[in-house]
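Heads up, the thing below is written out as structure tokens.
The values are calculated or read from the model by the stated rules, or taken from the named source; none is laboratory data. None of these values were measured; they are calculated from a predicted model. FYI the Cβ positions are ideal-geometry reconstructions off the backbone, even for glycines, and counts take in every protein chain you see.
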Amino acid sequence: MTSLHQQLVEKLRRLLRGRSFAAGARFLTEREIAERYHTSRPTANKALSSLVSAGLLEIRQGAGTFVREGVLDYDLQRLVSFTEKAVAAGRTPGTKVIRLEKTTVPEMAVKMNLKPEEPLWLLERVRLADDQPVIFERRHIVTALCPGLTKPAAKGSLYAFWTQKCRLSIAGAAEVIRAVNASKVHAVHLDLRAGAACLQVTATGYLADGRALWHEETLYRSDVYEFRNQLGGLTPPKPAMGAMR
């Protein structure tokens with residue numbers, strides 16, 4: 001069961017996605033949130049802090065809390081669709097599907113703990129924000145788990161397609177993030193010079209039952225994206241455990 005704080009954060013996220021507040025606009029105050037959603041001011045303050053940590057809001061000293069402009073954030077704590085992130089940042093999302101075809105890639109199938117002959121979708125697409133290319137995706141997806149994938153469907157949120165159309169329960173993904181230089185091919189798709197700095201996410205996504213659904217190698221423009229996370233405090237070291245001799 002989600003806490004009151006988490007429920008409030010989701011309500012405020014929906015408010016941001018609904019375009020009630022444009023990028024750069026002053027957001028609701030702690031008091032206004034408490035009155036609007038019938039909650040306590042400490043809970044409202046905690047929700048605001050969560051949205052600031054997520055990169056959706058920013059605090060301007062002496063002026064208040066404002067909707068962040070321009071910057072797209074990659075949430076390291078949960079899977080969030082690009083469409084949702086772009087809208088929350090006040091940008092218009094778009095997608096260009098470069099390739100969608102069925103294939104077999106034995107080494108990829110083995111990497112996903114599948115039989116070598118398992119059919120896979122190969123999907124390549126460019127994600128755009130206000131017509132600016134910001135992400136280049138290359139994914140291998142298990143065909144049997146979403147046989148109805150089409151180019152029109154691939155232009156939208158894959159997470160929505162998987163959960164709503166295919167009725168799949170996605171548990172999460174194991175990711176590795178590293179700095180890379182854009183290849184000539186990537187540079188063309190992302191409207192960059194070859195060798196420009198990018199961030200690459202290599203990830204395998206899993207269903208609730210442990211099966212792999214997709215593997216991706218996705219490039220993000222480092223001049224547009226920020227990767228954000230919130231860390232907890234230091235945990236005191238535990239006493240050494242061992243047997244005396």
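Annotations
- Verdict on residue 109 being modelled with pLDDT under 95, buried (at least 16 other Cβ atoms within 10 Å of the Cβ) and within 25 Å of the chain's Cα centre (by Cα): no
- Within the stretch 64-91, residues that are at pLDDT below 65 reach partners that are in a strand (DSSP E or B) and surrounded by 14 or more Cβ atoms within 10 Å (Cβ to Cβ) with beta carbons closer than 6 Å, at six or more positions or on different chains, in the pairs 73/228.
- Close pairs (6 angstrom Cβ cut-off, 6 or more residues apart or separate chains): loosely packed, with under 13 Cβ neighbours inside 10 Å in the stretch 154-178, assigned to a loop (DSSP other than H, G, I, E, B) anywhere: 169/208
- Filter result for residue 176 (at pLDDT 95 or above and either more than 18 Å from residue 227 (Cβ to Cβ) or of a type outside the set (D, E, K, R) (or both)): no
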